[in-house]
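Have a look at the structure below, then the notes.
The values are calculated or read from the model by the stated rules, or taken from the named source; none is laboratory data. Just so it is clear, the structure is predicted and the values come from calculations on it, not from any experiment. Here Cβ is always computed from backbone atoms with ideal geometry, including for glycine, and neighbour counts include all displayed protein chains. Each accessible area value is taken on the protein alone, full model and side chains, heavy atoms only, with ligands, DNA and RNA left out. Shrake-Rupley method; radii C 1.70, N 1.55, O 1.52, S 1.80 Å.
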Amino acid sequence: MYFLGVDGGGTKTCFTLINETGKVINKVIKGSSHPTQIGFGNLEKLLKEGLEETINNSNIFKKDIERVHLGLAGYGIVKEIAEGILEVVDKVFSGVKYNLSSDVRVAIAGALAGEDGINIVAGTGSIALALRNNEIIRCGGWGYSVGDEASAYWIGKKTIELFSKESDGRIEKGPLYEMIKTNLGLTRDAEIISYVNDKIKGDRMEIAKLAKISSEAAKLGDEGAIAIFNEAAVELVEMIKALLKNYSNDLVRVSYSGGVFKSGDLILNPLNNMLKGYNVELVEPILSPDIGACLLAYTESGNNINARFLENLLSDKR
């Protein structure tokens, strides 16, 4: 008996197969599954290929999969996109029992191993979810054209802005100034305009990649870059505070996921400092989002999580 978890985001899609004891049998990694980036036709192709590779690599049959849980980016508040995703999933997973949710749903399932609490996601986009008595409450997640504060895209946009200010002398030049010129191959500062508008055409993913440069510059002492991450922490705390209103006075565990947190203490230290005085505990994610999807597939089949099952899931992380 097997259970398949699918975690699909704006950067990559992970298909993870486990058995009834929680042991990971196989993983298949594909690219972005966000339909606004790749279209519904390519989403169908990606899901079909990921499912087929998982089955073939694991030497099983489709009918051996007891249940699938898919957490896919875009399956949220925009009705047309959600309906399109559902249509594609229903076609690809015909004959298999499945549940469909957003990628942030599987992120919180993994981060807190199915327990109540809050999970903040800061990847290409950003959102925060609270889980309370099997009820999901969301905050943020309005998309890059409206919000997505503290996301990699948001940080990338701030990084471009910082470069322009350092170039002008509005802010003293720090390590970020030369790092941007070197990484983007700029001979003149003004070329960043054509780089953003013409070369990458304002591409969300390419702008999000600049967050890594900002992180590296901040670790080298660039005060402007440090300020960006402090501002990002402020935005994340505002989402956490909004979700805390749904809980009583009990201690609430808060976890996190997404590429922005690869910057480590740069974002976690200000986050911890700003949460002092609130009845929360900031905890490292217990499981990855793809394993969170597996956990949901397992419990949605009527199974209870026991110590052995959880230990096997945790061994995948180690």
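Just to be sure, is Lys45 surrounded by 14 or more Cβ atoms within 10 Å (Cβ to Cβ), without any contact (Cβ under 8 Å) to a residue 24 or more places away in the chain, charged (D, E, K, R) and touching a Leu at 6+ places or on another chain (Cβ under 7 Å)? Reasoning before the result, please.
Working: surrounded by 14 or more Cβ atoms within 10 Å (Cβ to Cβ): yes; without any contact (Cβ under 8 Å) to a residue 24 or more places away in the chain: yes; charged (D, E, K, R): yes; touching a Leu at 6+ places or on another chain (Cβ under 7 Å): no.
Taking the combined requirement at face value, the residue does not satisfy it.
With respect to Val104, determine if the residue is among the aliphatic types (A, V, I, L, M) and in a loop (DSSP other than H, G, I, E, B). In short, no.
Part of a helix (DSSP H, G or I), assigned by the TED database to the domain that holds Ala211, of a type outside the set (Phe, Trp, Tyr) and open to solvent by less than 50 Å² (accessible area, probe 1.4 Å): which single residue out of Ala242, Ala297, Ala293 fits that description? Answer to the check: Ala242. Screening Ser263 with (1) assigned by the TED database to the domain that holds Ala130; (2) open to solvent by 40 Å² or more (accessible area, probe 1.4 Å) gives one miss only, at (2).
Scanning region 58-92 for residues that are open to solvent by 60 Å² or more (accessible area, probe 1.4 Å) and farther than 16 Å from Leu4 by Cβ yields a total of 9. Checked against (1) crowded, with 21+ Cβ neighbours inside 10 Å; (2) among the hydroxyl-bearing types (Ser, Thr, Tyr); (3) more than 26 Å from Trp142 (Cα to Cα), Ser255 passes all but a single condition, namely (3).
Among strands (runs of 3 or more DSSP E) entirely within region 1-81, having at least 1 residues that are among the basic types (Lys, Arg) and either within 20 Å of the chain's Cα centre (by Cα) or over 23 Å from Ile207 (Cα atoms) (or both) singles out 24-30, 65-72. Please indicate, with yes or no, whether at least one residue in region 108-127 is part of a loop (DSSP other than H, G, I, E, B) and open to solvent by less than 10 Å² (accessible area, probe 1.4 Å). Yes, the conditions are met somewhere in region 108-127. The number of residues in region 236-262 being more than 18 Å from the chain's Cα centre (by Cα) and aromatic (Phe, Trp, Tyr) comes to 1. Of the candidates Lys219, Lys212, the single residue that is within 19 Å of the chain's Cα centre (by Cα), among the basic types (Lys, Arg) and closer than 26 Å to Ser263 by Cα is Lys212.
Taking the condition of being more than 18 Å from Lys158 (Cβ to Cβ) and touching a residue at least 24 places away in the same chain (Cβ under 8 Å), how many residues in region 218-268 meet it?
16
The criterion of at least 1 residues that are under 23 Å from Pro270 (Cβ atoms) and not aromatic (Phe, Trp, Tyr) is met, among helices (runs of 4 or more DSSP H) falling completely within region 164-220, by 175-184, 204-219.
Among the listed residues Glu311, Glu284, which satisfies the condition of being not in a loop (DSSP other than H, G, I, E, B) and not aliphatic (A, V, I, L, M)?
Working: Glu284 fails: not in a loop (DSSP other than H, G, I, E, B).
Checking each option against the conditions leaves just Glu311.
Checking Gly95 against (1) surrounded by fewer than 21 Cβ atoms within 10 Å (Cβ to Cβ); (2) touching a residue at least 60 places away in the same chain (Cβ under 8 Å): exactly one of these is not met. Which one? (2) is the only condition that Gly95 fails.
Taking region 128-150, which residues are among the aliphatic types (A, V, I, L, M), in a loop (DSSP other than H, G, I, E, B) and surrounded by fewer than 17 Cβ atoms within 10 Å (Cβ to Cβ)? If you could, list the steps in order and put the result at the bottom.
Initial filter on region 128-150 (among the aliphatic types (A, V, I, L, M)): 128-131, 136-137, 146, 150.
Applying the additional criterion that residues be in a loop (DSSP other than H, G, I, E, B) yields 146, 150.
Listed by number, the list holds a single entry, Val146.
For Ile25, the conditions (1) closer than 30 Å to Gly141 by Cα; (2) open to solvent by 10 Å² or more (accessible area, probe 1.4 Å) all hold with the exception of (1).
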